[in-house]
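Participant: To start, I am sharing the structure in question, which I have written as structure tokens.
The values are calculated or read from the model by the stated rules, or taken from the named source; none is laboratory data. This one's a predicted model, so the numbers in the text were calculated from it and none came from an experiment. Cβ atoms come from the backbone with ideal geometry, glycine included; neighbour counts cover every protein chain shown. For the accessible areas, the whole protein counts, side chains as well, though only heavy atoms, and no ligand, DNA or RNA atoms are used. Shrake-Rupley method; radii C 1.70, N 1.55, O 1.52, S 1.80 Å.
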Amino acid sequence: MTDTHQGTGPDGTGTPDPIGDGAAEAFLSHDRSLRNAPGPYFGSYGGRWMPESLIAAIDELQETFEQARADPEFTAQIAELNRNYAGRPSLLTEAKSFAEHCGGVRVFLKREDLNHTGSHKINNVLGQALLAKRMGKTRIIAETGAGQHGVASATAAALLDLECVVYMGAEDTRRQALNVARMQLLGATVIPVTNGSQTLKDAINDALRDWVANVDTTHYLLGTAAGAHPFPAMVRFFHEVIGEEAREQILEQTGRLPDAVCACVGGGSNAIGIFHGFLDDPSVALYGFEAGGEGVETGRHAATITLGRPGVLHGARSYLMQDEDGQTMESHSISAGLDYPGVGPEHAYLADIGRAHYEPITDAEAMEAFKVLSRSEGIIPAIETAHALAGAMKIGRRLAADLGPDERPSDRVVIVSLSGRGDKDVATAAGYFDLLPDDSAEQEIAEEGEQL
Amino acid sequence: MTTQPSSPDTTSGSSGSKAAAAIEKARGEGRTALIGYLPAGFPDVPTSIEAGIALAENGADLIEIGIPYSDPVMDGHVIQEATVEALAQGFTVPQIFEVVEGITRRTDAAVLVMTYWNPVMRMGVRAFAERLAAAGGAGLITPDLVPDEAAEWLEAPEEFGLDRVFLVAPSTSQKRMQTTVEASRGFVYAVSVMGVTGARTSVGAAAQAVVDAAHGAGADRVCVGLGVSSSAQVREIGAYADGVIVGTALVAALRDGGVPAVAELTRELSTGTPRTAA
């Protein structure tokens with residue numbers, strides 16, 4: 001392979017790529033903890049592939065973050081906001097009827113959908129907005145695809161009295177007009193991005209261009225565990241609470257660790273947050289489900305780890321959907337939140353060492369799981385989350401098919417990260433399931449939504 | 001990079017550096033070096049070669065040819081639109097060597113390639129370097145690669161004789177200035193303002209401070225880019241820098257008036273290069 005890159009350690013010295021020296025074996029023999037990986041490198045992934053103009057800003061961010069995480073006052077501030085503003089801890093709900101669709105194994109849902117603003121995104125934005133204040137910044141910028149991270153960022157900015165500008169692909173602003181209005185109601189400015197493919201990756205490009213020009217006053221509140229160091233390790237840190245709570249709750253409710261943890265992966269922030277709680281539990285299998293779009297064989301998908309190759313985009317080396325020339329390819333998914341051609345570098349590393357497994361879920365499989373959960377449990381999930389649910393249905397059935405002679409399916413336990421609620425997706429889903437009158441305004445929105 | 005030998009006067013050693021030779025030649029003639037940027041494949045490959053030749057024949061000392069890339073985060077609208085069009089026309093990365101060779105065969109200007117890093121990584125750094133050298137290219141300008149991540153590029157064999165032009169910015173710390181100057185070969189690219197490419201009516205006061213800091217860190221050749229579009233700005237920057245880089249204004253000229261407009265603007269810009277005897 002000509003495109004492998006030997007990682008360079010944080011001290012500037014070359015460090016051997018741990019993929020080749022048995023990191024997974026070391027982990028399995030308990031020699032090495034995978035928790036709290038500090039970055040900038042995760043094996044040969046991660047790093048700071050950024051313009052020099054922004055290096056001072058990410059140095060400042062890294063320094064501020066490291067001081068803050070060691071400061072009891074900061075961690076208490078986060079804990080207080082999580083408890084009394086975001087609504088944490090989120091519940092762990094056993095889904096007994098949905099479990100019947102998962103081979104009869106026990107299924108527990110980690111209810112990030114019940115957080116304020118309706119998804120896990122609030123964990124990260126509160127943390128980063130507090131860091132922005134500590135750095136004396138008065139303005140935050142953010143990218144958003146479906147609008148969840150944009151709404152969460154606008155929320156944190158309103159709470160903490162920061163100016164907020166959200167970059168959003170022009171196509172997405174039309175599809176998600178109500179989310180644009182939500183952000184505006186919260187006081188944010190939404191800028192439609194008309195460059196390039198007008199999708200999430202182009203929104204990130206424009207946010208980076210804004211950041212270069214306004215870095216003195218502005219913090220870039222990146223919404224996922226990707227990008228240049230310290231973003232992947234920092235965003236994970238703010239989402240670790242998902243896995244910590246889930247581990248405690250499952251022990252309390254079942255007296256044991258789960259057999260598997262399932263999460264959807266776009267950039268991978270909810271997945272890395274819940275995985276982190278179980279990284280050092282070798283008996284717990286970790287599964288990330290990527291957007292398989294219309295099927296990985298069609299080329300219209302966002303299955304970055306499944307089919308991508310290592311490359312650099314938006315500041316990190318990771319798996320990347322790219323062509324033979326190294327040009328980023330356009331991704332496709334019915335879920336705007338998973339419609340991204342890159343993935344966080346820690347996931348790339350966990351995939352390579354075999355600690356976590358990544359599989360594609362098609363649009364059709366996700367929408368089936370969306371319907372099944374809605375009807376069996378009375379919970380409408382985000383379409384992103386529906387990918388994790390479809391994955392759990394597969395994993396549950398596999399576990400049930402692989403039981404010992406004296407075992408029952410209910411001896412197996414699966415946790416699913418229910419990363420977000422589906423209110424934002426009702427128009428898309430109603431269109432998908434043909435529930436709208438032909439001449440309704442919603443039908444028009446849904447038809448546009450289907451052109452993803 | 002402790003294994004990477006480096007000397008504090010890397011950029012002063014001009015032996016084998018085509019970019020250094022071009023800048024020194026201008027200096028010897030009492031001029032500020034003029035560096036013109038155009039993207040490869042815009043509006044098509046043959047025209048981009050002709051436009052590059054027009055730069056060289058009308059007063060540019062160095063030619064900077066950009067590889068159109070899907071995610072050009074350091075570029076403003078004019079260059080983005082040109083590179084999007086080049087990609088839409090079917091430009092492929094290996095055609096960069098065709099463009100470089102097309103220009104170097106017919107002029108003696110030094111031709112540098114400006115590229116975001118992923119296309120180089122995808123081809124393989126060594127393979128890319130070898131092909132660039134074979135095409136007569138002088139080296140690479142790398143806007144999203146910092147020396148910290150450039151181990152493979154810094155280890156590219158000396159036999160190719162390629163220049164490594166890294167960027168420094170108003171936000172660059174003194175320590176990073178030092179390491180970046182040491183890692184550079186040919187010249188150091190001083191970003192004039194905190195921002196992306198695009199013509200500006202004035203180049204920030206920060207530009208001179210960046211150039212002075214780079215000189216202070218041992219750089220013999222520092223060229224200023226971002227925002228330059230007129231001979232008056234070239235003259236102003238020439239008072240403290242060794243070279244001036246013009247991009248967006250030339251791309252807009254090529255877009256609006258074709259190769260003749262590039263030639264005309266280059267002639268106009270070059271009237272700002274003579275230095276008054278000091």
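Participant: Can you tell which of B:P274, B:P260 is closer than 27 Å to B:S184 by Cα and either among the hydroxyl-bearing types (S, T, Y) or open to solvent by 10 Å² or more (accessible area, probe 1.4 Å) (or both)?
Facilitator: None of the other options fit; the residue is B:P274.
Participant: Looking at the stretch A:220-236, which of the residues that are touching a Pro at 6+ places or on another chain (Cβ under 9 Å) and assigned to a helix (DSSP H, G or I) is farthest from A:V343 (Cα to Cα)?
Facilitator: A:A233
Participant: Anything in the stretch A:208-222 that is within 8 Å of chain B (Cβ to nearest Cβ) and crowded, with 21+ Cβ neighbours inside 10 Å? List them, or say none.
Facilitator: Result: A:L208, A:R209, A:V212, A:V215.
Participant: Can you tell me which of A:A170, A:A177, A:A181 is under 30 Å from A:E80 (Cα atoms) and more than 14 Å from chain B (Cβ to nearest Cβ)?
Facilitator: It is A:A181.
Participant: Moving to a separate point now. Given the conditions (1) closer than 27 Å to A:P345 by Cα; (2) open to solvent by less than 10 Å² (accessible area, probe 1.4 Å); (3) small (G, A, S); (4) not in a loop (DSSP other than H, G, I, E, B), and given that A:A157 satisfies all but one, which numbered condition is not satisfied?
Facilitator: Single failed check for A:A157: (1).
Participant: Let me ask something additional. Return the residues of the stretch B:79-126 that are among the aliphatic types (A, V, I, L, M), open to solvent by 40 Å² or more (accessible area, probe 1.4 Å) and either more than 10 Å from chain A (Cβ to nearest Cβ) or not in a helix (DSSP H, G or I) (or both); say none if nothing qualifies.
Facilitator: Passing the criteria: only B:A88.
Participant: Looking at the stretch A:307-328 only, could you name the residues that are more than 20 Å from A:I58 (Cβ to Cβ), part of a loop (DSSP other than H, G, I, E, B) and facing chain B (nearest Cβ under 8 Å)?
Facilitator: A:E324, A:D325, A:G326, A:Q327
Participant: All but one of (1) within 25 Å of B:L265 (Cα to Cα); (2) outside any strand (DSSP E or B); (3) touching a Phe, Trp or Tyr at 6+ places or on another chain (Cβ under 8 Å); (4) not hydroxyl-bearing (S, T, Y) hold for B:D212; which doesn't?
Facilitator: Result: B:D212 fails condition (1) only.
Participant: Here is a further query. For the stretch B:127-172, how many residues meet the condition of being among the basic types (K, R) and either outside any helix (DSSP H, G or I) or within 7 Å of chain A (Cβ to nearest Cβ) (or both)?
Facilitator: The number of residues fulfilling the criteria is 1.
Participant: Does any residue of the stretch A:193-204 turn out to be crowded, with 17+ Cβ neighbours inside 10 Å, in a helix (DSSP H, G or I), within 14 Å of chain B (Cβ to nearest Cβ) and of a type outside the set (A, V, I, L, M, F, W, C)?
Facilitator: Checking the stretch A:193-204: at least one residue is crowded, with 17+ Cβ neighbours inside 10 Å, in a helix (DSSP H, G or I), within 14 Å of chain B (Cβ to nearest Cβ) and of a type outside the set (A, V, I, L, M, F, W, C).
Participant: Oh, and also: Residues in the stretch A:52-66: is at least one aliphatic (A, V, I, L, M), more than 14 Å from every other protein chain (Cβ to nearest Cβ) and part of a helix (DSSP H, G or I)?
Facilitator: Checking the stretch A:52-66: not a single residue is aliphatic (A, V, I, L, M), more than 14 Å from every other protein chain (Cβ to nearest Cβ) and part of a helix (DSSP H, G or I).
Participant: Among the residues of the stretch B:51-78, write down those that are open to solvent by 20 Å² or more (accessible area, probe 1.4 Å), within 13 Å of another protein chain (Cβ to nearest Cβ) and in contact (Cβ under 8 Å) with a residue 40 or more places away in the chain.
Facilitator: Residues satisfying the conditions are B:H77, B:V78.
Participant: Can you name the residue in the stretch A:369-395 that is charged (D, E, K, R) and over 21 Å from A:A260 (Cα atoms) and, of all such residues, is least open to solvent (accessible area, probe 1.4 Å)?
Facilitator: A:K371
Participant: Would you call A:A152 farther than 20 Å from A:L313 by Cα, crowded, with 24+ Cβ neighbours inside 10 Å, small (G, A, S) and modelled with pLDDT under 95?
Facilitator: No: the conditions fail for A:A152.
Participant: Of the residues in the stretch B:173-190, how many are farther than 19 Å from B:V120 by Cβ and either in contact with a Pro (Cβ under 7 Å, 6 or more places away or on another chain) or more than 9 Å from chain A (Cβ to nearest Cβ) (or both)?
Facilitator: 10
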